[in-house]
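Participant: So that we are looking at the same thing, I have put the structure below in structure tokens.
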Amino acid sequence: MKAAPTSTKPKGDAILKAAMQLFLQHGYALTTMDEVARVAGVTKQTVYSHHRSKEQLFTNMLSALCNRDMPSQKQLDNPNTPFEVLLEKIGLVVLNAITSPEGLGATRLVIAESANHPELAELYYTRGTKQLVQLLTDFIASQKRRKVIAVKDPESSASYFLAMLKGQYYVRMMLRVKPVPTKKQKEAHVREVVRIFMHLYGIKNPISTSSVL
């Protein structure tokens, strides 16, 4: 009887964690695959078995950041959970991701290095912003098919939702303008964004809005 193969997930997670640390600390150009391997505690061959190039490693790091803590497909497909509750969960995950030290650091890194590495801006948009919009679009489209919301263009409404989520908090945190919003303030902001969204697209009993910012 053959022994079960050893899972590569712990090594994969260690590589992504090391990459995040090094990219944000040293920048894209000065980060090497050798250093990623050293910090992750694996061989360089192991790093290349997960990511064929530094560019792909950076891309996969962005994807992992976008998907971190996102509700599972099973949770999103649960017909017993109200749409507003699911949208709040997704909204809070997205807001926490883009305003996390890693999320803000990745954005600042791309802005700083885009002149010398324009490909990073394209990767950031494709595997960062565009991927977040696609995740929201797919979810909203699935709820539209269930006739939970009255949305004509799921992608457009997803873009509006993401823009509202960012609000002033994202800009303030990007610019390092204090005070940093508390957990309760973020949660209140997400609830208000969902109320606005439902006021625009909800089929039954649109929710009135009031400013919390």
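Participant: Name the single residue that is nearest to the chain's Cα centre (by Cα) among those in the range 71-107 being over 30 Å from Ala29 (Cα atoms) and outside any helix (DSSP H, G or I).
Facilitator: Filtering first and then ranking leaves Pro71.
Participant: Quick check on this structure: which one of Val133, Val110 is farther than 27 Å from Phe83 by Cα, in the same structural domain as Met70 (by TED's automatic domain parsing) and without any contact (Cβ under 8 Å) to a residue 40 or more places away in the chain?
Facilitator: On the way: Val133 fails: farther than 27 Å from Phe83 by Cα.
Of the residues listed, the single one that is farther than 27 Å from Phe83 by Cα, in the same structural domain as Met70 (by TED's automatic domain parsing) and without any contact (Cβ under 8 Å) to a residue 40 or more places away in the chain is Val110.
Participant: Given the options Ala121, Ala115, name the one that is within 28 Å of Thr31 (Cα to Cα), part of a helix (DSSP H, G or I), free of Cβ contacts under 8 Å to residues at least 60 places away in the same chain and not acidic (Asp, Glu).
Facilitator: Matching residue, one of Ala121, Ala115: Ala121.
Participant: State all residues of the range 161-175 that are among the hydroxyl-bearing types (Ser, Thr, Tyr) and either touching a Pro at 6+ places or on another chain (Cβ under 8 Å) or free of Cβ contacts under 8 Å to residues at least 12 places away in the same chain (or both); if no residue qualifies, say none. Before the answer, list the steps.
Facilitator: If we filter the range 161-175 for residues that are among the hydroxyl-bearing types (Ser, Thr, Tyr), which is where we start, we get 169-170.
Within the range 161-175, Tyr169 is the sole residue that qualifies.
Participant: Among the numbered criteria (1) surrounded by 19 or more Cβ atoms within 10 Å (Cβ to Cβ); (2) within 16 Å of Leu120 (Cβ to Cβ), which single criterion is violated by Val36?
Facilitator: It fails just one condition, (2).
Participant: State all residues of the range 48-63 that are in a helix (DSSP H, G or I) and under 23 Å from the mean Cα position of the chain (by Cα); if no residue qualifies, say none. Outline the logic, then answer.
Facilitator: As a first pass, look at the range 48-63 and keep what is in a helix (DSSP H, G or I): 48-50, 54-63.
Listed by number, the residues that qualify are His50, Lys54, Glu55, Gln56, Leu57, Phe58, Thr59, Asn60, Met61, Leu62, Ser63.
Participant: Which number in (1) within 15 Å of the chain's Cα centre (by Cα); (2) surrounded by 15 or more Cβ atoms within 10 Å (Cβ to Cβ); (3) of a type outside the set (S, T, N, Q); (4) closer than 29 Å to Phe197 by Cβ marks the one condition that Arg68 misses?
Facilitator: (2)
Participant: Something else about it: Taking the stated definitions as given, is Val110 among the hydrophobic types (A, V, I, L, M, F, W, C), assigned to a helix (DSSP H, G or I) and farther than 22 Å from Thr32 by Cβ? Even if it seems obvious, please write down each step before you answer.
Facilitator: On the way: among the hydrophobic types (A, V, I, L, M, F, W, C): yes; assigned to a helix (DSSP H, G or I): yes; farther than 22 Å from Thr32 by Cβ: no.
No: the conditions fail for Val110.
Participant: Which residue pairs have Cβ atoms closer than 8 Å, lie 6 or more positions apart in sequence or on different chains, and pair a first residue in the range 79-102 that is assigned by TED's automatic domain parsing to the domain that holds Ser63 and under 13 Å from Asn67 (Cα atoms) with a second residue that is among the acidic types (Asp, Glu) and at pLDDT below 90?
Facilitator: Val93/Asp69; Asn96/Asp69; Ala97/Asp69
Participant: Scan Gln21, Gln45, Gln25 and give me the residue that is within 21 Å of Ala112 (Cα to Cα) and surrounded by fewer than 15 Cβ atoms within 10 Å (Cβ to Cβ).
Facilitator: Values: Gln21 fails: surrounded by fewer than 15 Cβ atoms within 10 Å (Cβ to Cβ); Gln45 fails: within 21 Å of Ala112 (Cα to Cα).
Testing whether each residue is within 21 Å of Ala112 (Cα to Cα) and surrounded by fewer than 15 Cβ atoms within 10 Å (Cβ to Cβ) leaves just Gln25.
The values are calculated or read from the model by the stated rules, or taken from the named source; none is laboratory data. In this text the structure is predicted, and so the values were computed from the model without any measurement. As a convention, Cβ positions derive from the backbone with ideal geometry for all residues, glycine included, and neighbour counts pool all protein chains shown.
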